[in-house]
């Protein structure tokens with residue numbers, strides 16, 4: 001018998017037992033904590049030149065190292081896959097975010113088992129392994145409770161998980177999961193709940209539980225905040241701290257930030273400020289109303305970041321109080337540059353761009369006091385994006401430095417000889433995993449779980465922990481995101497930008513730029529005309545790297561046919577049945593009622609005027625629909641991205657007894673129709689729905705619920721959970737008619753407006 005070292009006779013007195021050996025890490029093995037911030041630009045932490053208050057992270061920088069030449073992939077899912085596997089994002093099938101996966105190896109959102117996770121390796125070497133916060137590495141069509149768990153965190157080496165799957169979630173009403181199932185937030189919004197605090201509480205609890213039974217076992221904590229991805233939401237008192245702090249605008253902020261960066265040494269002396277893009281207006285050219293509004297958007301972001309820093313400080317303080325911090329290898333980084341998804345005027349609700357609903361300054365001014373609170377899914381205008389990436393060009397989703405150059409802190413008191421220093425070596429996200437293995441003395445395995453492993457593509461930068469003069473080991477790195485391409489090689493960088501487009505992408509006709517980024521990190525001086533041979537060499541090298549790492553085929557269409565036609569993994573039906581009390585069904589797996597005639601029917605018992613509650617609802621206050629009973633009457637509300645409410649109310653109360661109640665939507669045109677309420681087949685109410693949600697109800701994970709409401713209801717007419725107090729017999733039935741599709745006009749509009 002494999003591994004048994006005893007002996008077995010006929011009887012126990014003739015036999016010698018032998019117990020399997022439990023793998024334990026060396027007694028002095030350090031803990032590893034990897035903190036991933038979201039959409040935080042290079043210049044937005046205090047220790048990287050910001051005036052936003054981040055004292056906890058600044059303290060880590062003072063006791064650790066700052067890396068000024070750290071790079072990512074320009075987008076969240078891709079970067080996260082690099083961090084956990086040490087392989088390039090296309091090698092991981094993560095050439096894009098999971099929601100925009102296509103049917104090619106580099107883009108299918110399925111990280112192969114041949115690319116082992118750091119969690120899987122450390123688990124086999126005696127570590128406890130935990131993931132807390134944003135995940136965003138499971139194919140969207142596998143995020144429901146009927147899906148395989150193979151690509152959930154517990155399927156990739158993590159023993160515990162608490163967090164969310166989507167690229168973003170509501171900070172006051174998140175779509176939470178624990179391990180392999182959904183869970184609900186521990187407190188309501190009106191009880192002071194906020195996700196960041198909850199995530200830190202969970203991390204502290206995990207350490208506490210481990211130490212209650214094992215005083216020596218090291219842990220790997222992969223901790224990913226929702227901050228500072230939109231929605232930029234924080235407790236009001238944190239936002240108020242910044243009242244008036246950004247009234248001088250983004251142009252002056254950029255100039256002052258660069259001065260601070262040079263003084264701090266996170267940017268070389270002599271670095272120039274990249275020009276403000278022509279499509280971003282000068283602050284002084286804005287109206288008074290625009291300046292008031294745009295400053296408030298930035299106040300919400302700053303409050304969000306400072307609030308996050310405070311709670312990360314709680315985690316660090318806890319580790320210090322328990323004696324863990326001194327021997328904890330702690331990384332803090334951002335997954336990409338600052339986000340431009342708020343567009344030119346900012347956003348009250350990011351789902352609107354998916355549904356062709358406008359953002360206007362007038363509406364935002366009327367609702368300015370709601371910005372940063374639970375009623376908005378706000379995002380700042382892209383003038384602040386450019387400021388957040390100071391001194392670099394462009395932003396998230398693009399491969400100029402503004403998209404791929406990010407802050408990195410490393411804190412390890414037991415190892416770092418010169419705390420407070422800045423490192424200049426070129427480092428990429430794929431280098432984090434091999435660095436951890438290097439300092440732990442662990443070789444990357446040749447096989448795991450019977451699967452031969454692909455070579456790790458990153459290189460260790462462990463030597464830089466000891467010396468600022470360590471050699472630059474990462475000499476070449478390609479980049480690609482939605483057709484934007486770049487390659488770094490020994491201090492040179494060739495880069496090309498191409499916008500997201502709907503048709504005639506023109507990817508074969510692009511102009512490449514050339515920069516000596518060792519001397520010109522902000523990409524101010526294009527040397528393509530002066531150094532054509534160098535440019536040609538780098539472009540040719542890019543194509544070699546692209547073929548090597550599964551980058552091809554190039555596609556700059558965010559919503560190409562490849563995305564729209566991908567299988568969802570769940571057979572689509574004409575008839576769906578949802579039963580009371582079932583877990584929330586994510587939008588990708590729920591019945592699709594958009595741009596289709598449909599009927600929602602429930603067989604219910606009604607008792608006097610006391611029966612009330614949700615029959616079926618989808619989405620949230622930021623967009624969705626709900627069929628419910630209130631004040632004895634049947635109601636239907638359609639919420640178009642928090643912009644328009646279409647409310648149909650029955651003309652008479654429901655009689656006592658058992659009844660069949662229905663809502664019928666008859667499509668009368670593209671994304672519009674008539675809604676009708678019926679009781680036992682008789683019409684009791686009707687109304688026009690001139691604009692039915694065309695594409696997405698939610699970006700934050702708010703799905704479909706039966707018999708109750710989520711934490712942030714579709715309408716203010718009731719408060720959560722508003723559980724149905726009567727009886728629903730045999731579930732709520734939804735029948736749909738017509739094909740599922742996103743028409744070409746919709747695709748074009750989304751592609752253009754999401755640039």
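Every read-out reported here was derived from the displayed coordinates using simple, explicitly stated rules and does not represent laboratory data. Keep in mind the model is a prediction, meaning the values are calculated, not measured. All Cβ positions, even for glycine, are placed from backbone atoms using ideal geometry, and neighbour counts span all protein chains on display.
When the label point is put 7 Å from the Cα of residue 468 along its Cα-to-beta-carbon vector, which residues of the stretch 246-276 have a backbone N closer than 18 Å?
260-271
Show that you can apply the helix-only estimate: for the chain, add -39,500 (n - 2.57) for every DSSP H stretch of four or more residues, divide by all residues, and state [θ] at 222 nm to the nearest 500.
Counting only the DSSP helices, I get -6500 deg cm²/dmol.
Tell me, in nm to one decimal, what length is gained between residue 278 and residue 647 on full extension, where the rule is 0.36 nm per residue of separation less the Cα-Cα distance? Provide the component values of the computation, followed by the final result.
Details: separation 369, 0.36 × 369 = 132.84 nm, distance 4.33 nm.
Difference between extended and current length: 128.5 nm.
Tell me, how many Å apart are the Cα centres for the stretch 460-519 and for the stretch 236-267?
Using only Cα atoms, the two centres lie 28 Å from each other.
Can you tell me the length gained on complete extension of the stretch residue 362 to residue 447, counting 0.36 nm per residue apart and subtracting the Cα distance?
Going from the current span to full extension adds 24.7 nm.
Kindly put 392, 497, 219 in sequence by how many other C-beta atoms sit within 10 Å of each C-beta, fewest to most.
497, 219, 392
Could you work out, for the stretch 31-476, what percent of all Cα-Cα pairs fall into each 20 Å distance bin, beginning at 0 Å and stopping at the bin that holds the largest distance?
27, 60, 13, 0
When only Cα pairs under 8 Å and 6 or more residues apart are kept, what is the percent relative contact order across the stretch 573-739?
Worked out over the stretch 573-739, it gives 38 percent.
Give me the extension gain from residue 516 to residue 62: residue separation times 0.36 nm, minus the current Cα-Cα distance, reported in nm with one decimal.
Working: separation 454, 0.36 × 454 = 163.44 nm, distance 2.99 nm.
Contour length minus the Cα-Cα distance gives 160.4 nm.
If we count other beta carbons within 10 Å of each Cβ, what is the order of 728, 442, fewest first?
442, 728
Residues of the stretch 35-59 with amide nitrogen under 14 Å from the 7 Å Cα-to-Cβ point of residue 320?
55-59
Taking the simple approach of a point 7 Å from Cα along Cα-to-Cβ for both residue 269 and residue 507, what is their distance in nm?
Distance between label points: 4.5 nm.
May I ask for the Kirkwood hydrodynamic radius of the stretch 602-728, worked out over all distinct Cα pairs and given in angstroms to one decimal? Please list the in-between numbers first.
On the way: mean 1/r = 0.0689 Å⁻¹.
Taking every pair of different Cα atoms in the stretch 602-728, averaging 1/r and inverting gives 14.5 Å.
Give me the percent of DSSP beta bridges within the stretch 31-476 that run antiparallel, rounded to the nearest 5.
Details: 16 of 45 bridges.
The antiparallel fraction comes to roughly 35 percent.
In percent, what relative contact order does the stretch 80-209 have, based on Cα pairs under 8 Å that are 6 or more apart in sequence?
17 percent
Classify the stretch 220-331 as rounded, prolate or oblate from the Cα gyration tensor: take a ≥ b ≥ c as the square roots of its eigenvalues, call it rounded if a/c is under 1.5, otherwise prolate when a/b beats b/c and oblate if not.
oblate
Would you mind checking the tilt of helix 532-548 against the longest principal axis of the Cα atoms of the chain, expressed as 0 to 90 degrees and rounded to 10?
Taking Cα atoms only, the helix is inclined about 60 degrees.
Apply 1/(1 + (r/R0)^6) to the Cβ-Cβ distance of residue 21 and residue 292, taking R0 = 60 Å, and write down the FRET efficiency to the nearest 0.05.
After rounding to 0.05, the efficiency reads 0.35.
Which distance in Å, rounded to a whole number, links the C-alpha centroids of the stretch 539-617 and the stretch 676-697?
After rounding, the separation between the Cα centres reads 21 Å.
Could you compute the FRET efficiency for residue 631 and residue 240, with r as their C-beta to C-beta distance and R0 at 41 Å, rounded to 0.05?
Step by step, r from the Cβ atoms, then E = 0.65.
Hey, rough spin-label estimate for residue 11 and residue 252, points 7 angstrom out along Cα→Cβ, what's it come to in nanometres?
The answer from the label model is 9.5 nm.
Starting from the 7 Å offset along Cα-to-Cβ, what nm value, one decimal, do you get for the label separation of residue 686 and residue 148?
Computed distance between label sites residue 686 and residue 148 equals 4.9 nm.
Based on C-alpha coordinates, I'd like the Rg and Dmax of the chain, in Å.
26.9, 93
On a C-alpha basis, how far is the centre of the stretch 33-52 from the centre of the stretch 356-384 in Å? Whole number, if you could?
For the stretch 33-52 versus the stretch 356-384, the Cα centre distance is 23 Å.
Can you list the residues of the stretch 585-602 with backbone N under 17 Å from a point 7 Å past the Cα of residue 670, pointing along Cα to Cβ?
594-597
Working from Cα positions, state the angle (0 to 90°, nearest 10) between the long axis of helix 249-264 and the longest principal axis of the chain.
Orientation of helix 249-264: about 30 degrees from the principal axis.
Rounding to the nearest 10 and keeping the result within 0 to 90°, find how far the Cα-based axis of helix 76-85 lies from the longest principal axis of the chain.
Approximately 50 degrees, to the nearest ten.
Let a ≥ b ≥ c be the square roots of the eigenvalues of the Cα gyration tensor of the stretch 397-467; is it rounded (a/c under 1.5), or, if not, prolate (a/b larger than b/c) or oblate?
Oblate is the answer for the stretch 397-467, as a/c is 1.5 or above yet b/c matches or exceeds a/b.
Which whole-number percent is the relative contact order of the chain (Cα, under 8 Å, 6+ apart)? Don't skip to the end; give the middle numbers.
Values: 1801 pairs, mean separation 120.5, N = 755.
16 percent.
Quick one: compute a quarter of the convex hull surface over the Cα atoms of the stretch 119-273 and quote it in nm².
Working: hull surface 54.4 nm².
In nm², the orientation-averaged hull projection of the stretch 119-273 is 13.6.
With a ≥ b ≥ c the root eigenvalues of the C-alpha gyration tensor of the stretch 477-563, is it rounded (a/c under 1.5), prolate (a/b larger than b/c) or oblate?
prolate
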